[in-house]
Structures are given as C-alpha cells and as structure tokens.
Amino acid sequence: MSETIRTQVGIIGAGPAGLLLSHLLDRAGISSVVIDKRSREEIEKTIRAGILEQGTVDVLVNTGVSDRVLRDGHKHDGIELRFQGEGHRIDFPGLVGRSVYLYPQHEVLIDLIASRLDAGADIRFGVSNADLHGQLSDSPSISFTDSEGRDFLLECDFIGGTDGSQGIAKWSIPETERRDFFRPYPFAWFGILCEAPPSADELIYSAGDRGFALISQRSDTVQRMYFQVPNETSTEDWSDEQIWEELQSRVAGTELKQGPIFQKDVLQFRSYVCETMQYGRMFLAGDAAHTVPPTGAKGMNLAVADVLVLADAMAAYYDNGSTEKLDNYAPTALKRIWRGQQFSYWMTSMLHATPDEHPFDQQRRYGELEMVTSSEAGRTYLAEAYTGWPFDVSYN
Ligand code: DHB
C-alpha cells in the first residue's frame, strides 16, 4: 500500500533547477514537493562549475534565497584569454556593464536547500524507484519509495522534470514526441582542487600547443584548475608532479602557486538538447533538458533562466487559468538554450585542439582568438554571452 500525498507541482530532482523552481513557486503561493534520489549531503558536496552570471546572482539575492554570494563569492570583472604566449583581457563592465561571480554551484545548493527547509518546504532526499505517471492527463503523479522504505504516490497538477542529465524525466517522453540533439567531443578536462593561494586574480583560459588549460579559483586558500586530456583518461593516469608540470607548461608566463591536490576528476564533454521540453503536464528544465560542455560555465545559469520562465508560466496558470504561457515555455526557453549551446560550443572549439588537429586548423583557431581579442566588437560578443543575456521574464 502506498500513501498518497497531494501538491500542486511535483518536482523530481533537487538540483539548482528543481530547488529554485520550488522556491519561486512558493513565492507565488503555489505548493510543491521535491524528491531526489541523492542524500542532502551528496547534493551539497558534489563539485561543479563556479561561475554565476550577474542575472543568476540577482535572482538568488532579490528573491531572498540568500545574499551569501555577495559576501563569500568573488565578483570578477573580466577573464584572460591566452594564446601563443600572450594574455588578452576581456573587460566585462567596460564592454557590457556587467560582471560575473565566482561562487561554486554546491554553495548555491547549500543556500537553496537551507532557504527551502527554513520555509517549511517538503523535500524528500534519498528516494528510490521514482516513476512518472499520467503526464498527458489532468492529474499526473510521481510514485517513489522514501529513504525509510515507505511507498508514496505524489499526486499533482504539474510535474517539474529537473532530474539532471542522467534522470528519468526526459526518457518518459516517447521517442516519437522527442528530438534529441547530441554532440560528443574528442577530449575531456582533468580537474583538480588544491590547497594553495590564487595564482591569478581572474580566470585564465589558455589555448596552447599542448592543449587547453583553465586556471580558476575557489577561495584564498583553495584553487580549481583544469587541463584538456584525451577522453579515456582516468584520474590515476596522472601523478601530482605530472599534473603540475603539465598545467605550468600550458600557462607559461604565470607562475602557478602549487599546493596539495585533494581532489581529481575527469569531466566528459557533451552538448545535448531535448526538444521538446513539454510533455503534457510535465516540463523539463535545466540539465534534464540540455547539457553544455563546461567551457564558459553556462550549465547552471541556463537552468536558472529556464526556471524563471517556467515558474512565471505556472503562476499565470494558477492566476487566470490560461495555459498560454505554459505552452510557450519550451519555445521561449529554447531560444536562450540554443544561444548557450552556441556560446559553449564556440568557446570550446576555439580553445581546444582536437587529437588529430590539422596544422591549418590550429593556426585558424589562433586567428580567431586574435580576431576576437583585438576587436571591440569581438570582445563585446564574448562578454555579452559570458556575463549572460537579459532574462525573458521579469520577477519580483
Ligand atoms: C569553472 C568552470 C568552468 O567551466 C569555467 O568556464 C569557469 C570556471 C570553475 O569550476 O571554476
């Protein structure tokens, strides 16, 4: 026997998309229940990218999730693109009047979970056997087993499919109703976290003959760095000494401050979009609907933009009974998503060598980097995308 619970929006996935959706709905007086197969600890500890667009920061602060990002995050007014041994700064405020914040995604999740629980939200961590039902009916539902082994049926008006790239939501859309756009890449990133002071004040994206490297930061004492490796690389393939040697060789001219490496991971690259993002009364948002390669750190920012549009559409439905905005959700969100896809693909292909790269293409990439960094139009194009385009809806 399963126990029945009832809410207005059943949300599968307590990542940035699901939790922010629940938060924004609550502000509009709409109830939700969020489930996730992971534990709270696992969600709060998973290391992801670190850059928030100005607009993402504004949403977190202005809707009352938390203003910790303003205190513990770091505002970055630019990045450096480095190639052929020379650095070129892209000055964000000077070009587009906006900045970005370095504030890791797991910190955003810590803030979102705390804020949701403070508000009395119903979040079930550690669930299993989740399944979605009746998406094409007026009364969809989610069945699941909670962390104590009890079975539940969550009845709702809508399902928020925010269970990430490995989730079940998008696969519940029949193949005949769905188009998958998928692109793999022939390289990956080797990422490290180390205990050391920052080696640079801003992020360095460096394209060199030995491949790409990214020097990022986390805090005054912890740093995040990545370097391009072949797809099949495992974290055991590189000793700490080799890692430092490789990273240093890829950012010649900047002396890397070394320290103990306490985490290593290999990030695979893929571009993916699921069209459509609506199946009856189920709506996909965030990584459940699309993934980008990490170059440019658009992933979570795109999730936030999706959810703003979706929460606004759901609020309109409960306000006046109209499904017009809900029907427009996917086409509206997809415009920004494809921009984000283009930007992430462009940054990735401009900065990385493919394993069998033709010498012509290598020189052509340097030509492109030279063109982008030497012209104000080129720098502005990059800065506009990196700091984030205006949102499609207003919020309060
Ligand atoms: C980070 C990751 C990115 O993919 C990026 O473009 C910038 C920063 C990071 O983890 O710090």
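Details
- Surface/4 of the Cα convex hull for the stretch 182-270, nm²: 5.8 nm²
- Heavy-atom accessible area, probed at 1.4 angstrom with all protein chains present, ranks L247, L136, L95 as L136, L95, L247, highest first.
- Pair-distance distribution of the chain: all C-alpha pairs, bin width 10 Å, starting at 0; shares per bin in whole percent are 5, 23, 31, 24, 13, 4, 0.
- Highest average first, the peptides 372-381, 53-62, 347-356 ordered by how many other beta carbon atoms sit within 10 Å of their residues are 53-62, 347-356, 372-381.
- Compared with the direct C-alpha span, the chain from Q84 to S394 gains 107.3 nm at full extension, assuming 0.36 nm per residue.
- Placing +1 on the Cβ of every Lys and Arg and -1 on the Cβ of every Asp and Glu, with nothing else charged, gives the stretch 182-270 a dipole about its Cα centre of roughly 400 debye.
- Partner lysines for K325 [C-alpha distance under 24 Å; skip if fewer than 8 residues away on the same chain]: K170, K335
- Put E177, E246 in order of accessible area, highest first, and with a 1.4 Å probe you get E177, E246.
- Taking all Cα-Cα distances within the stretch 77-122, those exceeding 12 Å account for 72%.
- Rounded to the nearest 20 debye, dipole of the chain from Cβ charges on Lys, Arg, Asp, Glu: 440 debye
- Euclidean distance of C-alpha centroids, the stretch 201-261 and the stretch 84-130, integer Å: 22 Å
- With q set to 0.08, 0.12, 0.17, 0.21 Å⁻¹, the log10 of I(q)/I(0) for the stretch 1-146, from the Debye formula over equal scatterers at the Cα positions, is -0.31, -0.61, -0.97, -1.28.
- S2, S216, reordered so the largest accessible area comes first (probe 1.4 Å): S2, S216
- Between the beta carbons of M1 and L136, assuming R0 = 25 Å, the FRET efficiency works out to 0.40 to the nearest 0.05.
- Net charge over other residues, Cβ less than 12 angstrom from the Cβ of H358 (K, R count +1; D, E count -1): -1
- Rh by Kirkwood over Cα pairs, then Stokes-Einstein D for the stretch 54-102 at 1.567 mPa s and 4 °C, µm²/s: 106 µm²/s
- Listed values for the stretch 269-282 are Karplus-derived 3J(HN,Hα) couplings in whole Hz (6.51 cos²θ - 1.76 cosθ + 1.60, θ = phi - 60°), namely 9, 8, 10, 8, 9, 9, 10, 9, 9, 10, 10, x, 9, 10, and x replaces Gly and Pro.
- Translational D in µm²/s for the stretch 255-357 (Stokes-Einstein at 10 °C, 1.306 mPa s, Kirkwood Rh from C-alpha pairs): 101 µm²/s
- Of the whole protein surface, E370 contributes about 90 Å² of accessible area at a 1.4 Å probe radius.
The values are calculated or read from the model by the stated rules, or taken from the named source; none is laboratory data. The model shown is predicted, which means the values in this text are computed figures rather than measured ones. Positions of Cβ are generated from backbone atoms using ideal geometry, with glycine treated the same way; all protein chains shown enter the neighbour counts. Side chains are part of the model used for accessible areas, which takes the heavy atoms of the whole protein and leaves out ligands, DNA and RNA. Shrake-Rupley method; radii C 1.70, N 1.55, O 1.52, S 1.80 Å.
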